[in-house]
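These notes are about the structure you will find just below.
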Amino acid sequence: MTDPRNTLAPAAYVPASYTHEPVQATPDAGFADDFASVLENTTGHRSTIGCIIPAYNEEESIAEVIEALLNQTRVPDVIHVVVNNTSDSTVKIASEYSGPHEIVNELGEQFTEVFVHDIGKNPDKKVGALNYGYSLVEGYDYLLGVDGDTIAHTKAVEYLETEAVSDSRIGGISAIYSIDDRPIKGAVGKFLITGQRAQFAAFNLQNLLRGRNMAVLGGQFSIFSTNALRDAMKQNHQVTPWVKDSEVEDSLLSLQIKSAGYLTKISPYARANVGGMTTLSGYDAQQVKWTYGAIELMWPGQRGDTKGQPFHPNLRLRWFENFGMLTNLFVRVAFMTLLAGSLSINAFVFSPLWLVPVAVAVLLNLRMARTMKYCDSRDVLFAVLVFPAEIFMWVRLSHFVRSWSRFLSRKKVDNWAMQAKAERGGGLGHWAPLVVLIAVAVAMTVVWNLVGPVVQSSILWVGWPIVGVVTVLQTLLMVTKLFRRQHGYKV
């Protein structure tokens, strides 16, 4: 039987005609009816779309990315592949698709043209490539940004355009992102990709349940109104939509579009598979860059050209995420410390109540896995076996600690360069949190053995109730999420 996920990665570009399997998303019935009526009333293309693909060393995926765009039911009117700082065969492979393409499908005859631009060494990296592309499509109604490793579902562009055209208040719409785990090899790679799939699912669902307000219009696969981009540029005295001030250029642009009076949304229908990180060093560098950039936007005050916007509505979810990570870090470190201390003086008494938070967490993870559109056995096992999800949480906590440490130290680091280095297999910084944790554990052990029995008992007497209260509150929050209505959304 054909796997429905194959529609996300067409094997070959078929220029004349093709068939596709329609997505069966089941969001809230009211929205589904409204969206269906918009589709029915859409006759012909009422807008123009210029697509930009910033590409850096994407020889393994660029062909599939272009083919997926050419296989869209609504093909972009032009596709610009902007290659920058590359050292592989990206330009050569992309150039095989250069030129005009006539396409016939269920929406009729369509025409597009693919251009490949090698802009060479570019100090502004992805930001420079995006702005170069914007200069080529600024006269179009919409700009479609696609990463060089993102494979879109065949109707993704159609869904994004239809909703954008239906409401002039929309400044940008993002697709639902996931990762295709089928091609992944190796135990570590499979483990990391499964964890990232769960991470994407939780983030997507949070945005869908918050009125479909998208905190970050990710560059992986988002469509922007060029009117909104021009208004954001004017309001912020910029000559380009993207600026290199922030480590998270897409987050900053999303804030600016929102501040300019537009809506930033996530589509419940459009889907795309993005490239995931299959090594610890690569995943660490990516997450540290993203979290560090988010902290810069959240934290009050001015840092160079970046101004913190702690009360921006698009950053509320960021604050909750960081507070949640801090709580997770405290509970785990405090529990392990108190447990070790109790065992050392034979004062630990096991209570079955400590299993309640674990059980609730498993149920919540399982429900999240079942919310995935293409949930597989690996996603379910990741949720129910406890240890995979717990180990992945410790990995994420290490990124959290590294990001805040780097930010608070005010150490200026090129996180883009560090991510590129990590993806090439270099760098050992991702082991730093583990080394620090071991050093702290050794130091605490020494101090614990130096203090007397009275002090040890006092620490345990005060510490356990504090951890207990925090754990109870955390468990109640998980129970709330567990029973929260999801309105039929599939991520």
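Scanning region 435-454 for residues that are in a helix (DSSP H, G or I) and surrounded by 11 or more Cβ atoms within 10 Å (Cβ to Cβ) yields Val436, Leu437, Val440, Ala441, Met444, Thr445, Trp448. Among the residues in region 298-313, are any among the hydrophobic types (A, V, I, L, M, F, W, C), out of contact with any Pro (no Cβ under 7 Å at 6 or more places or on another chain), under 26 Å from Val470 (Cα atoms) and assigned to a helix (DSSP H, G or I)? Checked region 298-313: no residue is among the hydrophobic types (A, V, I, L, M, F, W, C), out of contact with any Pro (no Cβ under 7 Å at 6 or more places or on another chain), under 26 Å from Val470 (Cα atoms) and assigned to a helix (DSSP H, G or I). Pairs meeting the criteria (first residue in region 257-270 and among the charged types (D, E, K, R), second residue surrounded by 20 or more Cβ atoms within 10 Å (Cβ to Cβ), beta carbons under 6 Å, at least 6 apart or on different chains) are Lys258/Thr264; Lys258/Asn314; Lys265/Ile170; Lys265/Ile173; Lys265/Arg212; Lys265/Met214.
Could you list all residues from region 91-114 that are in contact with a helix residue (DSSP H, G or I) (Cβ under 8 Å, 6 or more places away or on another chain) and not aliphatic (A, V, I, L, M)? So that I can check it myself, show each step before the final result.
Going through region 91-114, the residues in contact with a helix residue (DSSP H, G or I) (Cβ under 8 Å, 6 or more places away or on another chain) turn out to be 93-94, 96-97, 101, 103, 107, 112, 114.
Once the filter is applied, which keeps residues that are in contact with a helix residue (DSSP H, G or I) (Cβ under 8 Å, 6 or more places away or on another chain) and not aliphatic (A, V, I, L, M), region 91-114 yields Glu96, Tyr97, His101, Thr112.
For Ala232, all conditions in the list (1) surrounded by 22 or more Cβ atoms within 10 Å (Cβ to Cβ); (2) in a helix (DSSP H, G or I); (3) out of contact with any strand residue (DSSP E or B) (no Cβ under 8 Å at 6 or more places or on another chain) hold save one; what is the number of the exception? Exception for Ala232: condition (3). Out of curiosity, is Val127 in the same structural domain as Ala55 (by TED's automatic domain parsing), more than 23 Å from Thr264 (Cβ to Cβ) and touching a strand residue (DSSP E or B) at 6+ places or on another chain (Cβ under 9 Å)? Judged against the criteria, Val127 is not a match. Identify, please: which residue in region 97-114 is not small (Gly, Ala, Ser) and not in a strand (DSSP E or B) and is, among those, modelled with the highest pLDDT? Taking the candidates together, the pick is Tyr97.
Taken over region 63-96, residues that are β-branched (Val, Ile, Thr) and either more than 29 Å from the chain's Cα centre (by Cα) or in a loop (DSSP other than H, G, I, E, B) (or both) amount to 3.
Does Gly133 fit the bill of being outside the structural domain of Leu366 (by TED's automatic domain parsing), over 18 Å from the mean Cα position of the chain (by Cα), in a helix (DSSP H, G or I) and within 25 Å of Asn85 (Cα to Cα)?
On the way: outside the structural domain of Leu366 (by TED's automatic domain parsing): yes; over 18 Å from the mean Cα position of the chain (by Cα): yes; in a helix (DSSP H, G or I): yes; within 25 Å of Asn85 (Cα to Cα): yes.
Answer is yes for this residue.
Among the residues of region 177-192, those identified as farther than 16 Å from Phe221 by Cα and either polar (S, T, N, Q) or surrounded by fewer than 21 Cβ atoms within 10 Å (Cβ to Cβ) (or both) are Asp181, Arg182, Pro183, Ile184, Lys185, Gly186, Ala187, Val188, Gly189, Lys190, Phe191.
The values are calculated or read from the model by the stated rules, or taken from the named source; none is laboratory data. None of these values were measured; they are calculated from a predicted model. We place every Cβ from the backbone using ideal geometry, glycine too, and count neighbours over all the protein chains shown.
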